[in-house]
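The values are calculated or read from the model by the stated rules, or taken from the named source; none is laboratory data. Being a predicted model, the structure only gives us computed values, none of them experimental. Using ideal geometry, Cβ is built from the backbone for each residue, glycine included, and neighbour counts are taken over all protein chains shown. Heavy atoms of the whole protein, side chains included, go into the accessibility calculation; ligands, DNA and RNA do not. Shrake-Rupley method; radii C 1.70, N 1.55, O 1.52, S 1.80 Å.
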Amino acid sequence: MREYLLTLCVTAAVTYLLTGPVRKFAIVAGAMPEIRARDVHREPTPRLGGIAMFFGLCAGLLVADHLANLNQVFEKSNEPRALLSGAALIWLIGVLDDKFEIDALIKLGAQMIAAGVMVMQGLTILWLPIPGVGTVALTQWQGTLLTVALVVITINAVNFVDGLDGLAAGMVCIASAAFFMYAYRIWYSYGIEAAAPATLFAAVLMGMCVGFLPHNMHPARIFMGDSGSMLIGLVLAAGAISVTGQVDPDVMKLFSGSERNAVHQMVPVYIPLLMPLTIIAIPAADLILAIVRRTWRGQSPFAADRGHLHHRLLEIGHSHSRAVLIMYFWSALIAFGALAYSVNSASMWIVLGVVFLSAVGLVLLLLPRFTPRAPRWAEAFVPPRYRRRRAAPAAEAAEGAGGAADAGSVEAGDDEPRTPVPVGVSGGPGVPGVNGATALGARSRVPRG
């Protein structure tokens, strides 16, 4: 565990320290697209944050290769090299897209090629644990197609939620933390060495996200761009593929005791099949809803719009930070709920806890629909939006309005009122909207004024 934590800290430190210079490089290189119609931020923000994340990935794998215990992962498995090869390819395409805006089909082809590179080096799904059937071995073509499909879906699912400051990095960090605990349990408790690469991938992925988040939290100083979102999506998919298709469930030897106990003991066998789905449940749901929504309207599934889940949270009335925290909450509930159920599936307290937290999440989700007002005696202890509005006397209101107008005139230096600038202004006409990048959709630009 100490070596995993050291790898995580080194990855986070390198990513954090390099993000500042990368931001300056992105500004000099002109990787600052104009404000788009669906963007939330008010001024152009540099991209290319994926450069720092990629070098953090390289640093983490390099340190792990020189540690006494983790070095065995590189000696016994080719999966770390396969991950690095696929990550380098997808990262390069992402960097070019952040600067020059590559066509959607080219990016899709690059994602498939990156997945194929990992398959050729051994990072592929060999078998699947099917409930009621057992372990089913896959042919080479079946494993390749399933691996490529999982990589492409995960990359685009992660990229779909990269629409608010800190959202994608935070959600992936939460998912990778749950995945690390699950993979480490398989490796340590059951003594299955095949789970060690997935554990290493999860630790490195957490370090990448933790190191980048301080620069990306609202208000963000830099965006990860497609170079970062596609990279962390690929690393997340690689860990899921490793533990799902490489760990043989029969090695766990859970078939013992009564039939009821056997059912409960078999849960860790099936969790590898479900965990990859739970860690991307929110992004995958957003991806599916976006495809259905756009197809229903007669649009291309790759056409960008403002109907993503985080957009709807803003439309309901949540602030930027609160919308991000709500998405964090649901991601953590799904990922860690599945993890807790895999540890002790017979406990009713886990189910009740998930149900209770789900109810709390729904209340927080719908909170803007209801505007509670605090009693008079408690108004000093709550934010202004929860206080009752007091009607001021007409004379005081007129006097206050006159004083405010005079102060405004003195500050402005003229008698002309100031026009508020709408969201989305960047040297031209304001286009209100919210952000929602896709890994496949081309960016629409606002014409210069």
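Within region 42-66, the set of residues being crowded, with 23+ Cβ neighbours inside 10 Å and either on the phi > 0 side of the Ramachandran plot or free of Cβ contacts under 8 Å to residues at least 12 places away in the same chain (or both) comprises Leu48 only.
Among the residues of region 196-223, which ones are more than 21 Å from Gly122 (Cα to Cα) and touching an Asp or Glu at 6+ places or on another chain (Cβ under 7 Å)?
Going residue by residue through region 196-223, those that are more than 21 Å from Gly122 (Cα to Cα) are 206-223.
Residues satisfying the conditions are Asn216, Met217, His218, Pro219, Ala220.
Of the residues Leu362, Leu367, the single one that is under 22 Å from Ala285 (Cβ atoms) and modelled with pLDDT under 75 is Leu367. Would a scan of region 96-109 turn up a residue that is open to solvent by less than 70 Å² (accessible area, probe 1.4 Å), of a type in the set (Val, Ile, Thr), in a helix (DSSP H, G or I) and out of contact with any His (no Cβ under 7 Å at 6 or more places or on another chain)? Within region 96-109, not a single residue is open to solvent by less than 70 Å² (accessible area, probe 1.4 Å), of a type in the set (Val, Ile, Thr), in a helix (DSSP H, G or I) and out of contact with any His (no Cβ under 7 Å at 6 or more places or on another chain).
I'm trying to understand the selection: among the residues of region 110-123, which are part of a loop (DSSP other than H, G, I, E, B) and of a type in the set (S, T, N, Q)? Please lay out each step first, then the result.
At the first step, the residues of region 110-123 found to be part of a loop (DSSP other than H, G, I, E, B) are 121-123.
Hit for region 110-123 is Gln121, nothing else.
Evaluate the following for Leu309: is it modelled with pLDDT of 70 or more and out of contact with any His (no Cβ under 7 Å at 6 or more places or on another chain)?
Values: modelled with pLDDT of 70 or more: yes; out of contact with any His (no Cβ under 7 Å at 6 or more places or on another chain): yes.
The answer is yes for Leu309.
Every condition in (1) crowded, with 21+ Cβ neighbours inside 10 Å; (2) not small (Gly, Ala, Ser); (3) not in a helix (DSSP H, G or I) is met by Asn69 except one, and the failing one is (1).
Restricting attention to region 319-343, the residues that are over 22 Å from Leu164 (Cβ atoms), crowded, with 19+ Cβ neighbours inside 10 Å and without any contact (Cβ under 8 Å) to a residue 60 or more places away in the chain add up to 1.
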